[in-house]
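Below you'll find the structure, written out as structure tokens, and then a few comments.
The values are calculated or read from the model by the stated rules, or taken from the named source; none is laboratory data. The shown structure was predicted, so the numbers you read here are calculated from the model rather than taken from an experiment. Cβ: placed from backbone, ideal geometry, glycine included. Neighbour counts: every protein chain shown. The protein model used for the area step is the full one, side chains on, heavy atoms only, and it has no ligands, DNA or RNA in it. Shrake-Rupley method; radii C 1.70, N 1.55, O 1.52, S 1.80 Å.
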Amino acid sequence: MADSITKPFNVREIREQFPALRQTIYGKNLIYFDNGATSQKPQVVIDAINRYYSKDNANIHRGVHYMSQKATGEFEEARKTIQVYLNAKKSEEIIFTKGTTDSINLVAFSFGELLSSGDEILISAMEHHSNIVPWQMLCERKNLKLRVAPINSKGELIIDEFDKLLNNKTKLVSIIHISNTLGTINPVKDLIKKAHSVGAKVLIDGAQSIQHLKIDVRDLDCDFYTFSSHKVFGPTGIGVLYGKEAVLDSMPPYQGGGDMISKVTFERTTYNELPHKFEAGTPHIAGGICLGEAIRFLSSQNLNAIQKHEKYLADYAQDMLDTFEGVRIIGEAKEKTSVVSFIVNKIHPFDIGTLLDKQGVAVRTGHHCTQPLMDFFKIPGTVRASFAFYNTKEEIETFIAAVEKSISILK
Amino acid sequence: MNIEEKQQEIIDEFTIYDDWMEKYEYIIELGKELETIDPTKKTDDRLIEGCQSRVWLNTDVQEGKMRFTADSDAIITKGIIGLLIRVLNNETPETVAKTDLHFINDIGLQEHLSPTRANGLLSMVNRMKMDALKASMKSTK
């Protein structure tokens, strides 16, 4: 780790490790600013996928043969890598899922089974649909109440209102760590402490935080933390649910099938221990192993330098955009990560996004799966540029020029 | 000019643009010039909700010919609507229902009619064809 802290930050060297960045689209050098949707993959992860399917492919946890044992070893090694990275107490607390959405649905189903009529779940007004809809479904199923903590016009959670909504009926607080649309970093450590004071458990949706912040689940003291591999330089189709052992032990299984059982008879089935209790069926073995590789890659980087670089890029982009007439930045929280969402007066985000694409710049447009948040700001959507540590100042300059050109055509 | 000649005319117009941005500038101009739908007809039943942009479509049949008017909140979508209307308006219901709108592909705009783009255009074309089919069934009754 000492190496990674002192390692100087060299964006050129970093870019060389991401082959997808070296391409032209529509005759222009690709500028990839859709990192909030998914990150590009470093060569080490791509190599690991290739290696797994070329040499190690076997089903895990049940084979006596060499390849199965090797694949099992690597899969469980990945689990340990993630445990260490998150500073979880035990590797059994790391459940492999399909991704953040799947993790939240798992909790909504299984933890939800422990709740009863009249109990409350508290979320915020800036949640992604995947941290709204599973709770709505649960509330309908178990007759619970979903409460929503409001935000201010800068896109920050109103803490006083959050406090007022917390009460002894609150059984779970499920909150996004970093808003995918606004970039707002929520003060989750404080929120977790407050929630625990009324006896509520806390789920942190870390889909946008693991790639930007150092996550220590024991320091945060969250009961659940979720993230998706593909947003943190790993493959798609795999993600993680961290849960405290005692909480996970108290929950019934999510899905039934192979691997999650201890003994099956037609009369009665007993369930396997953690983490297997929550991992029915053959998991995404290659995904898990390669996520481990992605986390190793991330831990070899200098996270402080990454944060500084990403903040510099976002501040620079935001300052430049602010100088354009008619541009409104959506999400101006004091604590913010490398996301710049904006709209342009009388111009639809889709039009800007289409013209940026044709100039080689990949951004996201639309509601970003946060329709209630768009309703709050009374806008149809935004143009969102989300930066990663492999992006450069020169790319921001090209992007700004492309925005300027787009506006001049569309006006 | 028959419907095939109209498609060919648009393809020819687009051959002069060798740059994507020029092509889009032209589409945006068409969007700005589009004769939009009568505001009283911008009702929910005429709304086609896309994930990215929204489209309103009004269909009339006059003297056995299809007359479409449409609008969108996004200008590029409006420009492409303009092209579709130019090709399909004043054609018989049978022609609208059966014509393959190949010009969209030929001028390189097929991405806008892909199901993943979700800008309402694909649904609009489907609804235009459905309305034409209904009209043709009515006329043969």
Calculated from backbone phi, Karplus (6.51, -1.76, 1.60) coupling profile of region A:181-186 in Hz, x at Gly/Pro:
8, 9, x, 4, 9, 7
Semi-axes of region A:174-296 from the Cα gyration tensor (sqrt of 5 times each eigenvalue, largest first, whole Å) come to 28, 21, 10
As a test of the definition: with a 1.4 Å probe, what buried accessible area, both sides summed, do you compute for B against A, in Å² to the nearest 100?
1600
Shielded by partner chains, region B:1-49 residues - at least 30 Å² of accessible area, 1.4 Å probe, vs chain alone:
B:Trp20, B:Met21, B:Tyr24, B:Glu25, B:Ile28, B:Lys32
Kindly report the accessible area of region B:1-113 per residue (heavy atoms of protein chains, probe 1.4 Å, no ligands, DNA or RNA), in Å².
47
Using just the C-alpha positions of region B:3-140 as equal point scatterers, what log10 of I(q)/I(0) does the Debye formula give at each q in 0.14 1/Å?
-0.61
Calculate the radius of gyration of the Cα atoms of region A:46-299 to one decimal place, then report Dmax, the largest Cα-Cα distance, as a whole number, both in Å.
18.5, 60
Hydrodynamic calc, region A:84-150: Kirkwood Rh from Cα pairs, then Stokes-Einstein at 4 °C with viscosity 1.567 mPa s, so D in µm² s⁻¹ is 99
Nearest-ten-degree value, helix B:121-140 long axis tilted from longest Cα axis of chain B
30
Can you compute the helix-only [θ] at 222 nm over chain A? Use -39500 (n - 2.57) per DSSP H run of at least 4 residues, normalise by all residues, nearest 500 deg cm²/dmol.
-11500 deg cm²/dmol
Tell me which chymotrypsin sites (Phe, Trp or Tyr not before Pro) from region A:303-403 have a DSSP coil assignment and no more than 15 other beta carbons within 10 Å of their own.
A:Phe324
So what are the ³J(HN,Hα) numbers for region A:114-131, from phi and the Karplus equation (6.51, -1.76, 1.60; θ = phi - 60°), rounded to whole Hz, Gly and Pro as x?
7, 9, 9, 2, x, 5, 10, 10, 10, 10, 10, 6, 9, 6, 6, 3, 6, 10
Taking just the alpha-carbon atoms of region A:230-389, what radius of gyration and Dmax come out, in angstrom?
22.1, 71
Measure of exposure for A:Lys80: accessible area at 1.4 Å probe, Å² rounded to 10, is 100
Whenever you get a sec, line up A:Arg384, A:Arg62, B:Arg67, A:Arg22 from highest to lowest accessible area (probe 1.4 Å, protein heavy atoms).
A:Arg22, A:Arg62, B:Arg67, A:Arg384
Cα-based Rg (one decimal) and Dmax (whole number) for the protein assembly as shown, in Å?
26.4, 82
Determine the sum of side-chain charges near A:Gly73: Lys and Arg each +1, Asp and Glu each -1, restricted to other residues whose C-beta is under 12 angstrom from that of A:Gly73.
-1
Using a 10 angstrom cutoff on alpha carbons, build the Gaussian network for chain B and name the most mobile of B:Ser123, B:Ser114, B:Ser53.
B:Ser114
Return the carbon/sulfur percentage of the accessible area of the protein assembly as shown, one whole number, probe 1.4 Å, all protein chains in place.
50
Taking chain A as the reference, fit the longest principal axis to its C-alpha atoms, fit the long axis of helix A:133-142 to the helix C-alpha atoms, and give the angle between the two in degrees, 0 to 90, nearest 10.
40
Using amide H atoms built 1.01 Å from N in the peptide plane, name the residues 5+ places from A:Ala149, or on other chains, whose amide H lies under 5 Å from its own.
A:Ile123, A:Ser124, A:Ala125
Enter the angle in degrees (range 0 to 90, nearest 10) between the Cα long axis of helix A:393-410 and the first principal axis of the Cα atoms of chain A, meaning the one along which they spread out most.
70
Please get the size of the charge dipole for region A:46-299, origin at its Cα centre, with Cβ charges of +1 on Lys and Arg and -1 on Asp and Glu, quoted in debye to the nearest 20.
80
Can you tell me which aspartates and glutamates have their Cα less than 18 Å from the Cα of A:Lys142? Leave out same-chain residues fewer than eight positions away.
A:Glu113, A:Asp119, A:Glu120
Kirkwood-Stokes translational diffusion coefficient of region A:1-140, alpha-carbon pairs, 10 °C, 1.306 mPa s, µm²/s
81
Average accessible surface area per residue within region A:111-268, 1.4 Å rolling probe, Å²
39
If amide hydrogens are placed 1.01 Å from N in the peptide plane, which non-local residues have theirs closer than 5 Å to the one on A:Ala280?
A:Gln255
Which of B:Thr40, A:Thr354, A:Thr265 is most accessible, then next, and so on - probe 1.4 Å:
B:Thr40, A:Thr265, A:Thr354
Residues whose placed amide H lies under 5 Å from that of A:Gly366, excluding near-sequence neighbours:
A:Thr382
Going through region B:1-85, which GluC sites (Glu not before Pro) have at most 11 other Cβ atoms within 10 Å and a DSSP loop state?
B:Glu35, B:Glu63
Could you order A:Thr269, A:Thr81, A:Thr370 by accessible surface area, starting with the largest, using a probe radius of 1.4 Å?
A:Thr269, A:Thr81, A:Thr370
